[in-house]
1. Quick one: compute a quarter of the convex hull surface over the Cα atoms of the range 151-252 and quote it in nm².
2. Express the Stokes-Einstein translational diffusion coefficient of the range 44-179 in µm² s⁻¹, to the nearest whole number, given a Kirkwood radius over alpha-carbon pairs, 20 °C and a viscosity of 1.002 mPa s.
3. By how many degrees, 0 to 90 and rounded to 10, does the Cα axis of helix 68-82 deviate from the longest principal axis of the chain?
4. Set the Förster distance to 45 Å, then compute FRET efficiency between D43 and M251 from the Cβ-Cβ distance, nearest 0.05.
5. Which residue, K127, K210, K137, tops the fluctuation ranking in a GNM of the chain built on C-alpha contacts under 10 Å?
6. Comparing P154, P131, P189, which has the greatest mean-square fluctuation in the GNM of the chain with Cα pairs linked when under 10 Å apart?
7. If you only keep lysine pairs separated by 8 or more in sequence, or across chains, how many in the chain come under 25 Å at the Cα atoms?
8. Could you pull out every residue, at least 5 positions away or on a different chain, whose amide H is within less than 5 Å of the one on V61? Hs are placed 1.01 Å off N in the peptide plane, and Pro or chain starts have none.
Amino acid sequence: MSSHDLLAERTIIVTGAATGIGQAFALGCAARGANVVVADMNDAGETVAAVESAGGRALAVRVDVADDESVRVMARAALERFGRIDGLVNNAAYFREVRLTPFEELDPAQWDRIFAVNVKGVWQCCKAVMPAMRERKSGAIVNIASVVAVAGQPGYLHYVATKGAVLSMTKGLAKECGAHGVRVNCIAPGFVITDATKNRPVEWQQSFLKARAISREQKPDDLVGTALYLLSDLASFVSGQTIVVDGGHIMY
């Protein structure tokens with residue numbers, strides 16, 4: 001089997017896939033033979049067009065992962081179009097609107113929204129795809145957390161807390177889902193340059209760069225290989241793990 005066939009005939013749902021990291025995951029999965037469900041609150045036409053122009057198959061689905069029925073519709077659409085669900089990448093997250101703020105001054109409404117998307121959304125997406133995976137006795141779920149959940153980060157307490165929850169949920173889900181042949185793992189990226197992050201304070205960005213063993217900016221494509229590994233049979237005996245992909249900032 002060539003690397004281009006790594007995910008051949010499988011159907012992978014990627015949330016938050018219209019742009020940025022999610023788009024890179026979707027394109028990477030499609031390039032390895034997967035049918036890709038490009039799920040996002042925003043127009044995902046650009047990602048779908050890129051997949052199809054390269055000869056792949058993709059389906060755009062508008063979804064708010066914080067809304068249970070919206071997530072159920074996403075799963076049904078995937079099954080109706082491709083007949084199976086083999087993988088899920090829980091990439092959608094609330095971050096673009098988050099700004100450096102002392103924890104005493106955080107907006108309670110924003111606290112609730114970030115937990116609804118980043119934590120409840122992960123749970124709801126896993127819940128929606130599990131019946132299809134259980135039926136096939138096979139599946140792989142990849143949750144996207146953040147290096148800040150491991151290292152901490154001042155000024156972003158609510159975001160840090162949600163990503164810490166994703167790490168813990170990954171372990172709990174792996175224990176529950178393993179009996180059904182479903183693996184659950186997590187990727188914790190470092191600070192990745194995307195449209196949603198490039199306007200962060202320069203000194204904040206530089207603090208990540210200086211701490212890395214590999215001293216360069218991190219891009220979405222830097223995460224794709226790890227996701228492909230975890231979604232594929234190469235990781236058939238790997239579950240409940242968190243892989244930090246940050247250029248050697250955090251080492252443990």
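1. Details: hull surface 29.1 nm².
Averaged projected hull area, Cα only: 7.3 nm².
2. Values: Rh = 16.3 Å.
The estimated diffusion coefficient comes to 131 µm²/s.
3. Orientation of helix 68-82: about 40 degrees from the principal axis.
4. Taking R0 as 45 Å, the efficiency between D43 and M251 is 0.70.
5. Checking each option, the largest mean-square fluctuation is seen for K210.
6. Highest fluctuation of the listed residues: P154.
7. Lysine pairs satisfying the spacing and distance rule in the chain number 18.
8. Residues meeting the criterion, in which the H sits 1.01 Å from N, are V38, A39, D40.
Read-outs: derived from the displayed coordinates by stated rules, not from any lab. This structure is a prediction, so every number in the text was calculated from the model and none was measured. Every residue, glycine among them, receives a Cβ derived from its backbone with ideal geometry; neighbour counts consider all protein chains shown.
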